[in-house]
Amino acid sequence: MSDFRRIFAAALAAALLAAPAQAAEVVKIGALYPLTGNSAPAGQAALAAVELGEDIVNNAHPELKGLPLAATAGLPHLGGAKVEVINVDHQGDPSVGQQQTLRLITQEHVAALLGVYHSSVALTATAVAERYGVPFVVGDSVAANITQRGFKWTFRVTPIATDFAKAYTQFLTEMKHAGKKVDTVAVLNENTDYGTSVGNSIVEAAKAGGFAVLQIVYNAKSTDVSAQVLQLKEKKPDVAVFVGYTADEILYMKTLKDLDVLPQMIIGDDAGFSDPSFIPAVGDIAQGVLDRSAWAEGPPGSATYLINEMYKKKTGRDLDDTSGRWMQAFFVLCDAIDRAGSTDPAKIQQALRATDLKPAQLMMGYRGVKFDATGQNILASTYLIQLQGKTYKAVWPEDRATAKLEWPMKGWK
């Protein structure tokens, strides 16, 4: 009898070891967006991107070759568990973002967090996650100090202020060497964490590149920017770089036209320029404006092309750099949770630290995803696109270009 029991016990143990992991009912991820307020269009576009990403992870999409988790249904290392994203509105308010993060952690018991668009909100939200020991993946907030506070639970996938400043300076240097008149650069940035971080980084890089620089700092959500535009009219910079959110940039484009001020080139630092409402509002008077982007639709049949078609079917519009960076960050987080094989925040944190995704595994044009000790993706990168007609087209660097750069920009002329 004892031999039978030993044999039975051994067989049972072997069967249990051979059995697949039991599927968790659901893996909860909390996501914070600006769903109301001035940045609501960008927040809604990001929400749609994450919802599509949720569908791609939870259901089999073998046509999206190369993307981790696309070919399977759910998270394989969690027994096919589905991901449930709990979406909340932070309204662009740092205190609301702080409160919502706390609620997601203590009441919804999320395994990890994703967000948030505004850098000022990212700073408060990630501080809460740090205090509670919950991984927070930042998809698109770019203020440098988000990953400069010694935090261990914050991971940022997107390129940041210094990356953009380096790209703009390199581009302008190439233009100057090609015979374009690029001696003076104006930087107009709003005064929140986002505008200050990016604006100061651009000023520093441009000066180091040998350009004369005029910096104009203005209050975010200004209702009148005629004084700032008149400064441009007086100083006549060759290039103007705008760093602000949607309402600001639309107002600037209209005021530039009203006061007949048009530099040779305007560079928009994503944010307001990639917002879905920008082109319908001022596209006709902003022809030739440059914007930064790491998103490209890709050739027909490619994974990026198919994802864009899915997004367009869902929303009626193309993916853009901002919504694309949100979706990419969501995929990175889900990949880490799957590799962790657990909803334990500490194990997810360890998996995020070990992330080493290659370009072929991404939907954005980064050189990969690999985090340094601060949590910053050291392989993030960005390019320049130009508004030509009703759409942005890749124009720089040359090996990424799908259209020829138009210089000087046309504006409303």
Name the residue, out of THR223, THR322, THR315, THR246, that is of a type outside the set (A, V, I, L, M), closer than 20 Å to VAL50 by Cα and either modelled with pLDDT under 95 or in contact with a strand residue (DSSP E or B) (Cβ under 6 Å, 6 or more places away or on another chain) (or both).
THR322
Across region 257-282, the tally of residues that are in a loop (DSSP other than H, G, I, E, B) and aliphatic (A, V, I, L, M) stands at 3
Cross-chain or 6+ apart pairs with Cβ under 7 Å, region 346-368 first and assigned by TED's automatic domain parsing to the domain that holds ALA111 and under 12 Å from VAL332 (Cα atoms), then surrounded by fewer than 17 Cβ atoms within 10 Å (Cβ to Cβ) and of a type in the set (Lys, Arg):
GLY368/LYS358
Let me confirm something: among LEU352, LEU405, LEU333, LEU387, which residue is closer than 30 Å to ASP284 by Cβ, modelled with pLDDT of 95 or more and outside any loop (DSSP other than H, G, I, E, B)?
LEU387
Out of everything in region 101-116 that is crowded, with 24+ Cβ neighbours inside 10 Å and of a type outside the set (A, V, I, L, M, F, W, C), what residue ends up being nearest to GLN148 (Cα to Cα)?
GLY115
So which residues in region 283-307 are outside any loop (DSSP other than H, G, I, E, B) and surrounded by fewer than 22 Cβ atoms within 10 Å (Cβ to Cβ), if there are any at all?
GLY283, ASP284, ILE285, GLN287, ALA303, THR304, TYR305, LEU306
Determine which single condition GLU249 fails, assuming it passes every other condition in (1) assigned to a loop (DSSP other than H, G, I, E, B); (2) charged (D, E, K, R); (3) in contact with a helix residue (DSSP H, G or I) (Cβ under 6 Å, 6 or more places away or on another chain).
(1)
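For region 270-282, give me each residue that is closer than 18 Å to SER141 by Cα and surrounded by fewer than 22 Cβ atoms within 10 Å (Cβ to Cβ).
Step one: list which residues in region 270-282 are closer than 18 Å to SER141 by Cα, which gives 270-276.
Matches in region 270-282: PRO276 only.
Of the residues SER95, SER119, SER39, which single one is touching a Ser or Thr at 6+ places or on another chain (Cβ under 8 Å) and surrounded by fewer than 21 Cβ atoms within 10 Å (Cβ to Cβ)?
Working: SER119 fails: surrounded by fewer than 21 Cβ atoms within 10 Å (Cβ to Cβ); SER39 fails: surrounded by fewer than 21 Cβ atoms within 10 Å (Cβ to Cβ).
Criteria check complete, one pass: SER95.
Please specify each residue of region 279-331 satisfying the condition of being small (Gly, Ala, Ser) and farther than 19 Å from ILE160 by Cβ.
Residues of region 279-331 small (Gly, Ala, Ser): 281, 283, 286, 288, 293-294, 296, 298, 301-303, 316, 323-324, 329.
Matches in region 279-331: ALA281, GLY283, ALA286, GLY288, ALA296, GLY298, GLY301, SER302, ALA303, GLY316.
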Residues of region 153-188 being touching a residue at least 60 places away in the same chain (Cβ under 8 Å) and under 26 Å from GLN231 (Cβ atoms), which ones?
PHE164, ALA167, TYR168, PHE171, LEU172, MET175, LYS180, LYS181, VAL182, ALA186, LEU188
Return the residue satisfying two criteria in turn: it lies in region 312-367 and is surrounded by 23 or more Cβ atoms within 10 Å (Cβ to Cβ) and of a type in the set (S, T, N, Q), and of such residues it is nearest to GLY272 (Cα to Cα).
THR322
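Taking the criterion of being farther than 26 Å from MET175 by Cα and of a type in the set (Phe, Trp, Tyr), would at least one residue in region 206-214 satisfy it?
The answer is no, given that none of the residues of region 206-214 is farther than 26 Å from MET175 by Cα and of a type in the set (Phe, Trp, Tyr).
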For region 257-269, how many residues meet the condition of being surrounded by fewer than 24 Cβ atoms within 10 Å (Cβ to Cβ) and not basic (Lys, Arg)?
7
Picking from LYS233, LYS221, LYS207, LYS254, the residue that is surrounded by fewer than 24 Cβ atoms within 10 Å (Cβ to Cβ) and in a loop (DSSP other than H, G, I, E, B) would be LYS221
Here are some conditions: (1) closer than 23 Å to GLU309 by Cα; (2) part of a loop (DSSP other than H, G, I, E, B). ALA49 meets all but one. Which one does it not meet?
(2)
Just wondering, is there one or more residues in region 82-101 that are at pLDDT 95 or above, under 30 Å from SER302 (Cα atoms), assigned to a loop (DSSP other than H, G, I, E, B) and not acidic (Asp, Glu)?
yes
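For region 236-249, enumerate the residues that are buried (at least 20 other Cβ atoms within 10 Å of the Cβ), under 22 Å from ASN38 (Cβ atoms) and among the aliphatic types (A, V, I, L, M).
Scanning region 236-249 gives ALA240, VAL241, VAL243.
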Here is a list of conditions, (1) within 24 Å of PRO408 (Cβ to Cβ); (2) of a type outside the set (Val, Ile, Thr); (3) touching a Lys or Arg at 6+ places or on another chain (Cβ under 7 Å), and PHE273 meets all of them except one; can you say which number that is?
(3)
So for region 205-225 (the condition being in contact with a His (Cβ under 7 Å, 6 or more places away or on another chain), closer than 15 Å to ALA271 by Cβ and not basic (Lys, Arg)), does at least one residue qualify?
no
If we scan region 280-287, do we find a residue that is within 27 Å of VAL198 (Cα to Cα) and either of a type in the set (Phe, Trp, Tyr) or assigned by TED's automatic domain parsing to the domain that holds HIS61 (or both)?
no
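The values are calculated or read from the model by the stated rules, or taken from the named source; none is laboratory data. Because the structure is predicted, anything quoted here is derived from the model rather than measured. Cβ: placed from backbone, ideal geometry, glycine included. Neighbour counts: every protein chain shown.
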